[in-house]
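Chemist: Supplied in structure tokens, the structure appears directly below.
The values are calculated or read from the model by the stated rules, or taken from the named source; none is laboratory data. Treat the numbers as computed from the prediction; the structure is a model and nothing was measured. As a convention, Cβ positions derive from the backbone with ideal geometry for all residues, glycine included, and neighbour counts pool all protein chains shown. The protein model used for the area step is the full one, side chains on, heavy atoms only, and it has no ligands, DNA or RNA in it. Shrake-Rupley method; radii C 1.70, N 1.55, O 1.52, S 1.80 Å.
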Amino acid sequence: MTDLVPPTGRVHWIGTGLSTGSGLRVLASSHDVLLWARSEEKAERCLARLGLTGQAGVRRFDHDALAAELRAGDVVVSMLPAPEHPALVRLCLDQGAHFACSSYVSDALAALEPEAVDRGVVVLTEAGLDPGIDHLYAHLLVERAKAEFGADTPATAVFTSYCGGLPAEPNEFRYRFSWAPRSVLTALRTQARYVRGGQEHVADRPWEATRKQVLGGETFEVYPNRDSVPFIEQYQVPGAWELESFVRGTVRLDGWLDAWSEVFTVLREGDDDSVTALAGELAEKYPMGDDDLDRVVLAVSLTLETGEGRRWSGEYVLDLVGERDETAMARTVSVTLACGVADVLAGRTTPGLHRATAGSAARWLEFLAEHGVPSELKVSTPSGT
């Protein structure tokens, strides 16, 4: 493997949208940070909101301007939409800079991994809330279960991972938009694959698979999201465990399914233009306003039971309400990303493509707790013979 390009300690944070929060403050406290936005004024407003005026530089973002300032060993942090990441990674590879984002690994990014390894460049992905913190919880639960039962012990396993951004004060719509409305609707039109009842299932309309779920003692509505099946391998689930359920999905407030009935009609019958128009209407009607606080709920659980009746269960819960100057969504995404970037800056991350994964999960959770993102773990001791 090619040696890691030595990090310079300089960070280019691109984007000032809904997920940029105190993680930027964490990095700016000990590193040279440039904040790139559509205008320098927008960047200045973001810094003022975070209490960082004068503590980071500001730039108007365009690809050529970034290329002119980027040096080998710098770290580019992208808060831009995922389709824009391949071009940024391409720039980083060409100039020997490292890259970090909170988005899922796309085929385009995966294809660049061999070149990243060859060039000594880190490409960090899935380092946010979901994906991100959910990965950390899953790895730690699987490790605990292996320690209790052993990886080779036959057992039936139930794994669920549900996450959602919610209004702290429920409204009649049971939701407020704390991130891009069009993306919320697009996700609902994306096929979901998961395991339930020991069998793989595919939901063409994920909301039709909604069910009630008690998380942290509160009843929510949950539904599968994206493709859960590849994460069985990513979370290193032992082959000796028979999966009764394996679901990664979205959590919504109780009553959401009924409140969104008219939305589902458009998603089912409308074309792309209709969905885009609906997204605009909903954004105006149900925004996360200045006087509204958001709430993030993430619950990841694993239960194992052997044929002899031994049973173990563990659950991580993150339930965080935002504040006036920072949403819960912005804090959870940006602080997790800052933790990953701090590892890159410290030279702890090897060249190539990475996610928030096993090995460093416990240390990452300590970092998150120190910066206002606490987790609660509930574990039942093994029962039975």
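Chemist: Is there a residue being assigned to a loop (DSSP other than H, G, I, E, B) and touching a residue at least 12 places away in the same chain (Cβ under 8 Å) anywhere in segment 293-301?
Modeler: Yes - at least one qualifying residue is present in segment 293-301.
Chemist: Oh, and also: Mind telling me which of the residues A362, A346 ends up being out of contact with any Leu (no Cβ under 7 Å at 6 or more places or on another chain), closer than 30 Å to P114 by Cα, open to solvent by 10 Å² or more (accessible area, probe 1.4 Å) and among the hydrophobic types (A, V, I, L, M, F, W, C)?
Modeler: A346
Chemist: Could you check segment 157-206 and list, in sequence order, the residues that are assigned to a strand (DSSP E or B) and basic (K, R)?
Modeler: R193, R196, listed by residue number.
Chemist: Restricting attention to segment 93-127, which residues are aliphatic (A, V, I, L, M), open to solvent by 10 Å² or more (accessible area, probe 1.4 Å), under 26 Å from A361 (Cβ atoms) and part of a helix (DSSP H, G or I)?
Modeler: Result: A110, V117.
Chemist: Just wondering, is there one or more residues in segment 110-126 that are at pLDDT 95 or above and closer than 22 Å to S301 by Cβ?
Modeler: Within segment 110-126, one or more residues are at pLDDT 95 or above and closer than 22 Å to S301 by Cβ.
Chemist: Go through segment 67-80 and count every residue that is open to solvent by less than 40 Å² (accessible area, probe 1.4 Å) and either more than 15 Å from R38 (Cα to Cα) or touching a Leu at 6+ places or on another chain (Cβ under 7 Å) (or both).
Modeler: Matching residues across segment 67-80 total 8.
Chemist: A187 fails exactly one of the following numbered conditions: (1) modelled with pLDDT of 95 or more; (2) more than 27 Å from K378 (Cα to Cα); (3) exposed (fewer than 15 other Cβ atoms within 10 Å of the Cβ); (4) not polar (S, T, N, Q). What is the number of that condition?
Modeler: (1)
Chemist: Something else: Specify the residue that is nearest to E323 (Cα to Cα); the eligible residues are those in segment 1-33 that are assigned to a strand (DSSP E or B) and open to solvent by 10 Å² or more (accessible area, probe 1.4 Å).
Modeler: That would be D32.
Chemist: List the number of the failed condition for G216; all other conditions in (1) at pLDDT below 95; (2) farther than 23 Å from A361 by Cα; (3) out of contact with any helix residue (DSSP H, G or I) (no Cβ under 7 Å at 6 or more places or on another chain) hold.
Modeler: G216 satisfies all of (1) at pLDDT below 95; (2) farther than 23 Å from A361 by Cα; (3) out of contact with any helix residue (DSSP H, G or I) (no Cβ under 7 Å at 6 or more places or on another chain) except (2).
Chemist: Which residue is surrounded by the most Cβ atoms within 10 Å (Cβ to Cβ), if the candidates are limited to segment 310-324 and must be out of contact with any Gly (no Cβ under 8 Å at 6 or more places or on another chain) and over 18 Å from P374 (Cβ atoms)?
Modeler: W312
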